[in-house]
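Coordinate-derived values only; no laboratory data. All values reported here derive from a predicted model rather than from experimental measurement. As a convention, Cβ positions derive from the backbone with ideal geometry for all residues, glycine included, and neighbour counts pool all protein chains shown.
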Ligand SMILES: O=P(O)(O)OC[C@H]1O[C@H](OP(=O)(O)OP(=O)(O)O)[C@H](O)[C@@H]1O
Ligand SMILES: NC(=O)CC[C@H](N)C(=O)O
Ligand SMILES: [Mg+2]
């Protein structure tokens with residue numbers, strides 16, 4: 001996932017976008033970028049690093065204008081090179097900049113198609129640059145003359161929905177015309193809009209999570225609906241339209257487990273309340289599986305599991321203790337690139353308070369176990385600190401299948417629960433007992449937070465890919481590309497063989 005933000009204001013937006021990106025930093029730690037517009041001129045700065053490191057005063061000064069977009073990136077396609085930091089820019093038609101959260105599953109075909117049909121060159125291996133070019137092409141197709149009205153923009157988004165597969169929450173600016181935002185037909189990745197009434201008139205803020213609206217004093221208006229597009233023109237008139245043929249809300253369940261901040265509300269469900277419920281349902285399962293008296297104390301693995309762990313302890317009437325202290329200057333380890341750095345960071349990030357473990361049977365609660373990096377290290381640390389028994393519980397079900405919709409877990413082999421039973425995972429992480437949440441209970445936790453939510457994108461738990469285009473061959477292909485750092489590049493697309501194939505199709 002990544003964090004995206006778009007602002008239409010009456011005063012300079014550079015600081016506002018910067019502050020919004022800081023509030024969305026937990027969604028992407030690899031790169032950050034801002035593009036603003038003044039008149040019909042874009043200014044942009046983007047680089048690898050955390051938001052606070054990417055933008056210096058001189059960079060901020062060079063971002064004038066009252067409209068702009070920003071992104072903090074966690075790569076899920078292509079590479080983590082600086083060229084793939086977002087936003088992306090394309091000069092025709094009109095000039096468009098775009099920031100994307102999500103992951104396209106057919107970007108490689110689209111890339112070939114665009115070269116074949118339009119001789120459009122995509123300069124990176126980023127799916128987001130492909131998405132921008134598809135949007136640009138469709139705006140070009142829908143436009144006659146030099147003017148661009150909202151209905152033309154919506155027509156173009158409808159065509160994007162028809163061509164593009166996967167997940168996408170998008171903010172884009174069209175030079176001299178306005179701000180566009182849209183969400184894929186399943187609403188897999190989140191996007192919401194807030195408003196601020198000022199003496200000069202209305203201002204709008206679009207963001208991945210509601211925490212960014214609240215933090216910047218905007219009033220939450222609503223979530224962008226799945227398949228919907230919103231266009232705000234230069235006079236701050238807001239237009240919206242459903243652009244998908246069969247929109248069906250199915251937000252990503254993993255947002256509620258781990259990705260989003262607990263103080264955000266996504267599609268009407270409070271992430272915090274969903275996590276409390278996960279703790280409640282997990283407590284019921286533990287009560288069924290582990291004899292009362294076998295647990296002395298419950299401990300969270302900071303940070304994301306806290307709400308679930310607190311509620312679980314309360315429901316089981318057990319002591320709750322903070323046995324691990326987190327170094328607040330280390331980022332989220334799951335989002336880090338590469339297993340070696342993730343493993344090292346767990347040790348640097350968490351340290352045990354020995355006295356809390358000595359001679360005790362501890363129940364460690366985490367929100368999820370993905371690669372097992374955290375759990376393996378943590379169980380070991382608990383033992384080293386003198387724990388008598390280490391029981392591990394996960395507020396999410398086993399993560400068994402790759403995610404192709406914007407969470408970087410593309411290979412089956414890296415997932416500790418893939419092809420393993422619960423007992424085998426328990427042995428791998430060297431715990432005495434392991435209890436996982438049931439998938440049905442996870443879904444109920446989120447539905448309890450908003451009963452209108454019934455469907456979820458939960459493929460990493462059940463292997464069901466909602467976009468219907470994910471075959472075994474595709475997963476094998478992704479494993480080859482993402483599991484092996486040499487990505488599919490331009491040379492492969494333009495290889496004599498690929499071009500010959502294209503010629504024979506034409
Ligand atoms: O099984 P793994 O591959 O280790 O992944 C799962 C762990 O990674 C995340 O923590 P992270 O440190 O990223 O962030 P947090 O501080 O928000 O918990 C998550 O909360 C789990 O603790
Ligand atoms: N996690 C995301 O949303 C990533 C966006 C896009 N797929 C990229 O890799 O840049
Ligand atoms: Mg964690």
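Taking every DSSP bridge with both residues inside the chain, close to 80 percent are antiparallel.
Rounded to the nearest 10 degrees, the angle from helix 339-349 to the longest Cα principal axis of the chain is 60 degrees.
The order of the peptides 261-272, 167-178 by mean Cβ neighbours within 10 Å, most packed first, is 167-178, 261-272. Relative contact order for the chain: 13 percent, from Cα pairs under 8 Å spaced at least 6 residues apart, divided by residue count.
The Cα atoms of the stretch 246-397 give a gyration tensor whose axes a ≥ b ≥ c have a/c of 1.5 or more with a/b no greater than b/c, which makes the shape oblate.
Listed by Cβ neighbour count within 10 Å, with the fewest neighbours leading, 373, 57 appear as 57, 373.
How long are the three semi-axes of the equivalent ellipsoid of the chain, in whole Å, if each is the root of 5 times an eigenvalue of the C-alpha gyration tensor, listed from largest down? If you can, show how the numbers build up before the last one.
On the way: eigenvalues 324, 129, 84 Å².
Working from the Cα gyration tensor, I get semi-axes of 40, 25, 21 Å.
Assuming a ≥ b ≥ c are the square roots of the Cα gyration tensor eigenvalues, decide whether the stretch 3-249 counts as rounded (a/c under 1.5), prolate (otherwise, with a/b larger than b/c) or oblate. Rounded. Taking the C-alpha atoms only, the angle from helix 439-449 to the longest principal axis of the chain is near 70 degrees. From least to most packed, judged by other beta carbons within 10 angstrom and beginning with the fewest, 143, 41 follow the order 41, 143.
Gap in Å between the Cα centre of the stretch 15-48 and the Cα centre of the stretch 108-164? Between the Cα centre of the stretch 108-164 and that of the stretch 15-48, the gap is 23 Å.
Arranged from highest to lowest average of other beta-carbon atoms within 10 Å per residue, in what order do the peptides 191-197, 374-380 appear? Before the final figure, lay out each step's value.
Working: 191-197: 20.3, 374-380: 21.9.
Answer by packing, highest mean first, reads 374-380, 191-197.
The stretch 447-472 and the stretch 72-102 have Cα centres separated by 26 Å.
When 303, 118, 184 are ordered from fewest to most other Cβ atoms inside 10 Å of their Cβ, what list results? Kindly include the intermediate steps, with their values, before the conclusion.
Details: 303 17, 118 12, 184 27.
Fewest-to-most Cβ neighbours within 10 Å comes out as 118, 303, 184.
Computed from Cα atoms, the angle from the helix 127-142 axis to the main principal axis of the chain rounds to 30 degrees.
For the pair the stretch 385-442 / the stretch 232-292, the C-alpha centres are spaced 21 Å from each other.
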